[in-house]
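Encoded as structure tokens, the structure appears first; notes follow it.
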Amino acid sequence: MKLIFLSFFFGLTMGLQIGLSQTEVSGLKSSDSSEFIEDLSDALGLKVYAIDKFNRFSVTDHDLGSSLYYSPNSSLNLGIGATYKWFGLGLAFNFPFINNDDQIYGNTRRFDAQTSFYGRKFIIDFYLQVYQGYYIENPDEYKNDWNEADGYPIRPDIATTSFAGSFTWIFNHEKFSAKSTFIQTELQKKSAGSLLAGGFFNLLGVYGDSAIIPNELHQTFKDDLLFNSVSVGGIGISVGYSHTFVIWKNLNINLTIAPGISTQSFDVAYPNSDSTRTGNLVSGRVLARAGILYSSRKAFGGMTVSNDSFSGNTGQNQRNSINFDLGVIRFFYGRRIFFNNKKTADH
């Protein structure tokens, strides 16, 4: 139902003329390089949007070639948003007639706050997520007779906590605008890109009443992955690149990737054992964003995707990995209202 609704919503917005989720702050004014960027923050931007946040994790045994993917029952919300000058706000609501698939994916309880601050020269991201109730995404790899109509294997006891943030510096801020794609308070008039660099931190945890790997799958994973609790915390640096392609004047396509490296501490606990495994390790992180946007001076619409991926394992020299994916997908359509008559002409 959610996939059908997303497809319908995206087709509707593009047909009208081709979200904004929670708080979005646009920051400083546009650069003087008007050949590439036009500041539209003096207009009142009004929009409707659909938003789907996600928080998923996986465990992989590299020696045995086994992987298990856990995901919460996602919740598609519909909302309205507004931006004016440096301020932006969005309100989204859950509609039960869209999210009516608990019999397939189980029930997930969640608190999910994701906030991005977009300035002329920088981007700041924060995540605070608490989820309980997950299902196994890939049961077909372990059960030959599994049928989707029977529902996915559900783990209502599994809970996760995620607290993460990052600061990203935009080097070519005079010609490249991240705000154009992701909060629509500027207009990227010509193709441009920028080198990115910054730092990040993460505090992540997974907890279960029993081993995260179900009993019937214990033989397909080594003992070091049969934990029921793992928490990691790290700090690191990242370097990347973002580019917006301007096609046919009003169509923008943005691709962003910023890999990073961090030092992490970890704490792993196992069922029926009072001992825990602790230590430090070096791990990776990848920030990826993408967007497709139709934007004229008066109207805009499209979609954006943001994914922050963190990786770790259960200790030094362990041939396994634990990956966390945090992010959001937005579909949106909006209009701009100019209060200065000289700026109302669309071109």
Qualifying residues in segment 296-319 (those that are modelled with pLDDT under 90 and part of a strand (DSSP E or B)) - the one surrounded by the most Cβ atoms within 10 Å (Cβ to Cβ)
312
Among the residues of segment 157-168, is any closer than 23 Å to residue 83 by Cα and hydrophobic (A, V, I, L, M, F, W, C)?
yes
Between a first residue in segment 115-141 that is among the small types (Gly, Ala, Ser) and a second residue that is assigned to a strand (DSSP E or B) and crowded, with 18+ Cβ neighbours inside 10 Å, which pairs have beta carbons less than 7 Å apart while being 6 or more apart in sequence or on different chains?
116/24; 116/123; 116/125; 133/72
All strands (runs of 3 or more DSSP E) inside segment 53-96 with 1 or more residues being over 30 Å from residue 220 (Cβ atoms):
76-84, 87-94
Look through segment 200-227, keep the residues that are of a type outside the set (A, V, I, L, M) and within 22 Å of the chain's Cα centre (by Cα), and return whichever of them is surrounded by the fewest Cβ atoms within 10 Å (Cβ to Cβ).
201
Scanning segment 320-340 for residues that are crowded, with 18+ Cβ neighbours inside 10 Å and among the polar types (S, T, N, Q), the one nearest to residue 187 (Cα to Cα) turns out to be 323
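Yes or no, residue by residue, for (1) closer than 25 Å to residue 287 by Cα; (2) not β-branched (Val, Ile, Thr):
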residue: 95; (1), (2): no, yes
residue: 101; (1), (2): no, yes
residue: 113; (1), (2): yes, yes
residue: 123; (1), (2): yes, no
residue: 126; (1), (2): yes, yes
residue: 129; (1), (2): yes, yes
residue: 136; (1), (2): yes, no
residue: 147; (1), (2): no, yes
residue: 150; (1), (2): no, yes
Quick check: anything in segment 139-160 outside any strand (DSSP E or B), within 19 Å of the chain's Cα centre (by Cα) and surrounded by fewer than 19 Cβ atoms within 10 Å (Cβ to Cβ)?
no
Filter result (hydroxyl-bearing (Ser, Thr, Tyr) and more than 15 Å from residue 330 (Cα to Cα)) within segment 75-89
83, 84
Flagged in segment 65-86 as surrounded by fewer than 20 Cβ atoms within 10 Å (Cβ to Cβ), among the aromatic types (Phe, Trp, Tyr) and closer than 17 Å to residue 54 by Cβ, in numbering order, are 69
Set 182, 167, 176: member being over 21 Å from residue 270 (Cβ atoms) and at pLDDT below 95:
182
Kindly indicate the residue of segment 100-136 that is within 15 Å of the chain's Cα centre (by Cα) and either outside any strand (DSSP E or B) or among the small types (Gly, Ala, Ser) (or both) and also surrounded by the most Cβ atoms within 10 Å (Cβ to Cβ) among those meeting that condition.
116
Return yes or no: is residue 230 closer than 25 Å to residue 118 by Cβ, buried (at least 18 other Cβ atoms within 10 Å of the Cβ) and of a type in the set (Val, Ile, Thr)?
no
Subset of segment 214-235, residues in a strand (DSSP E or B) and touching a Phe, Trp or Tyr at 6+ places or on another chain (Cβ under 6 Å), comes to 229, 232, 235
Only one of (1) of a type in the set (Val, Ile, Thr); (2) at pLDDT 90 or above; (3) closer than 30 Å to residue 225 by Cα fails for residue 124. Which number is that?
(3)
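The values are calculated or read from the model by the stated rules, or taken from the named source; none is laboratory data. Just so you know, these numbers come straight off a predicted model, no measurement behind them. FYI the Cβ positions are ideal-geometry reconstructions off the backbone, even for glycines, and counts take in every protein chain you see.
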